1. Quick check: residue separation of Arg147 and Lys112 times 0.36 nm, minus the Cα distance between them. What number comes out in nm?
2. Keeping all protein chains in the complex and leaving out DNA, RNA and ligands, what accessible area do you get for Leu242 with a 1.4 Å probe, in Å² to the nearest 10?
3. Within a Cβ distance under 13 Å of Tyr169, other residues only, what is the Lys/Arg minus Asp/Glu net charge?
4. To the nearest 0.05, how large is the calculated FRET efficiency for Arg209 and Ser51 if R₀ is 22 Å and r is the Cβ-Cβ distance?
5. State, to one decimal in nm, how far the label point of Thr174 lies from the label point of Glu237, with both points 7 Å from Cα in the Cβ direction.
6. Return the Cα extents of region 39-179 along principal axes one, two and three, sorted largest first, each rounded to a whole Å.
7. Give the range of the longest stretch in the chain that excludes all GluC sites (Glu not before Pro) found in loop regions by DSSP and having at most 13 other beta-carbon atoms within 10 Å.
8. In terms of the Cα gyration tensor, with a ≥ b ≥ c the square roots of its eigenvalues, is region 33-72 rounded because a/c is under 1.5, prolate because a/b exceeds b/c, or oblate?
Amino acid sequence: KKTWEMEMDRTLTEAKKEGKVVVFLGGSNEVRTALSKGFNEKYGIVVDAVSGSGREQSERLLRERRAGLFLGDVYQSGVTTQIITLKPAGVLGDMEKTFILPELKDPKEIEKIWWNGKLPWVDPEHKTFAFNAFPQAWAVTNTTLVRPNEMKALKDLLDPKWKGKIASYDLTTTGPGGKIMSTIGLEIMGMDYWKQFARQEPVFTRDHRQLVDWVAHGKFAIGFAPETAEVALFKKEGAAILQLPPPEEGIGITTGFGGLALIDNPAHPNAAKLFINWLLSKEGLTVYTRAGDIHSRRLDVPTDFLTPEIVRQPGVKYFDTERED
């Protein structure tokens, strides 16, 4: 056996003695169930999944720390909470030291396996890892109110004829709203773009379903920053809506809930190590991708079953938004 295979065997032996791994899991129920089942079936180790929003999970972790309790092992959810809350509080450990697989350590394998030829660290200290990369959804339109050639670029949203006809997800929140606002403002169009957008008198919501519902029923012609999964559900029901392809100026790439970090001083260190290597393997990320309908940063994970809007396309200018700055 190769050295890394022997290390995996040793880690598995010790992980079985620990019996379980405690993972703060974000995303859908389907993803949490698939990951827990996949890991347990492969190694016989239970995944104690802690669900909840990023705010709820971080509050729990910080409460435990204040009480001197170290109960968790791995944090797998959106990167915003990890970078804004958990990293400054000293909750995140040195995940890089847990890496065993060649595609996480060998530069030649890394270049071959990962999109853009490098490991997708979010921060310079390598605390947070973004293992998904899919285009931000920028607009959904009602096809009876907007012709396809009317909305090809971000600048098209500023046409006076759309004044009062745009609904938008709240751009001041963490997650897709804040991320697309910062990407477009800082990387693509400049912050003055948002002043012009505000003059269009958009109506905001913090409900992803409501946003798409408004467009589907013609209350608004355009929905800005929709959630692809919600658009897909409405299209399945026959709604006359279209999620637009990336705009001419380019669009951001996001990881969604695909952020991974080791919790400092993990309760089950070997099980945590095993879970991290399994999740970032081709097998683990295929399980995640199938359950979550998300494009992986691993280039060897299949994409033929994904919703087309989720898949990165050649020739499109993508801005990688998963950076601490």
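The values are calculated or read from the model by the stated rules, or taken from the named source; none is laboratory data. Just so it is clear, the model here is predicted, and its values are computed rather than measured. When we count neighbours, we look across all protein chains shown, and the Cβ atoms used for this are built from the backbone with ideal geometry, even at glycine. Keep in mind that these areas ignore ligands, DNA and RNA; they rest on the heavy atoms of the full protein, side chains included. Shrake-Rupley method; radii C 1.70, N 1.55, O 1.52, S 1.80 Å.
1. Numbers: separation 35, 0.36 × 35 = 12.60 nm, distance 4.09 nm.
Net length gain for the segment: 8.5 nm.
2. So the heavy atoms of Leu242 present about 60 Å² to solvent.
3. On the way: positive: Lys179, Arg206, Arg209; negative: Asp170, Asp207, Asp213, Glu227, Glu230.
Within the 13 Å Cβ shell, the charges total -2.
4. Details: r = 20 Å, r/R0 = 0.90.
Using R0 = 22 Å, I get an efficiency of 0.65.
5. Once both label points are built, they end up 3.0 nm from each other.
6. Principal-axis extents of region 39-179 (Cα, largest first): 57, 43, 34 Å.
7. Working: sites that count: Glu125, Glu237, Glu248.
Free of exposed loop sites, the longest segment is 1-124.
8. On the way: a/c = 5.89, a/b = 1.94, b/c = 3.04.
Because a/c hits 1.5 or more and a/b fails to exceed b/c, region 33-72 counts as oblate.
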